[in-house]
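Worksheet: the structure to be examined is printed underneath.
No value in this document is a laboratory result; all are computed from the given coordinates. All of these numbers come straight from a predicted model, not from anything done at the bench. So basically every Cβ, Gly included, is an ideal-geometry build from the backbone, and we count neighbours across all protein chains shown.
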């Protein structure tokens, strides 16, 4: 993909549904990405629940450039509520944030601002980022606006801020703490380059090899033309079979299809 794009200063960002730290060969993946010509930054998105000092050391040795660490509250009870699990230990995650800040790996704290729930926590997280000297090269903070998604969590009674209100509040906090919070692509060296051509057309029918279960009930993962497609309505399609599907979505090279027996 990097060779196809034909440009330099590439950032390889590791993210997934769930958490990338569940991948058992993460250091090997980081090293392989770092050794790819023209890849200058390898970054990782995580909630930090599975971080250990040894894992940070291994990722540092493998060439990981930056960890984007999602911490939504420093209050233990509220952090558990926002994470959706009683086993989440925010104090441990904060200790790991301090450990990362003391390593060669850059650190960006990336809380999701949930209006009416963690308003006061946002300022505490800003102060934490400044205290531990996050952001050696990248910005120390990447505060995220809460968005609602079809399959996402929707805290009861919470109404997302408008983009206008969100940026106004960030600019107010910028003035208080003298740190950049309204970020732009340029802050991460992001620029437009050659896009990967689509492998499928919308509504096209294609045969795929079923290789795995999907994320949600009734979904399977299918492979065709060197691409993975999420196939819905595929309860009856056994793993290892070859099935015909109709492509429903192709935008951004993210493919969804429906099983049509």
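How much of the DSSP bridge set in the chain is antiparallel, in percent, rounded to the nearest 5? Provide the component values of the computation, followed by the final result.
Numbers: 18 of 38 bridges.
Roughly 45 percent of the beta bridges in the chain run antiparallel, per DSSP.
With springs only between Cα atoms under 10 Å apart, run a GNM on the chain and tell me which of 33, 82, 198 wobbles the most.
Looking only at 33, 82, 198, the biggest GNM fluctuation is shown by 198.
Taking 7 Å along the Cα-to-C-beta vector as the label spot, tell me the residue 23-residue 148 distance in nanometres, rounded to one decimal.
That separation, rounded to one decimal, is 3.2 nm.
Nearest 10 degrees is fine. How inclined is helix 90-101 to the longest principal axis of the chain, computing both from alpha carbons?
90
How many angstrom lie between the Cα centre of the range 241-261 and the Cα centre of the range 150-215?
Answer, in whole Å: 23.
Quick one, can you get me the convex hull of the C-alpha atoms of the range 174-261 expressed as volume per residue in Å³? Numbers along the way, then the final one.
Working: hull volume 12.6 nm³, N = 88.
About 143 Å³ per residue, rounded to a whole number.
Kindly express, to the nearest 10 degrees and within the range 0 to 90, the angle between helix 119-131's C-alpha long axis and the longest C-alpha principal axis of the chain.
80
With 16 Å as the cut-off, how large is the P(r) tail for the range 44-136, expressed as percent of Cα-Cα pairs? Write down the numbers at each step before the final one.
Working: 2162 of 4278 pairs.
Result: 51 percent of Cα pairs exceed 16 Å.
On a 0 to 90 degree scale, rounded to 10, what angle separates helix 53-62 from the longest Cα axis of the chain?
Roughly 60 degrees, rounded to the nearest 10.
Rank the residues 10, 239 as a footprinting-exposure proxy: fewest other Cβ atoms within 10 Å of their Cβ go first. Working shown, then result.
Values: 10 19, 239 11.
Ordered by Cβ neighbours within 10 Å, fewest first: 239, 10.
With a Förster radius of 35 Å, plug the Cβ-Cβ distance of residue 38 and residue 180 into 1/(1 + (r/R0)^6) and report the FRET value to the nearest 0.05. Write down the numbers at each step before the final one.
Numbers: r = 27 Å, r/R0 = 0.78.
About 0.80, to the nearest 0.05.
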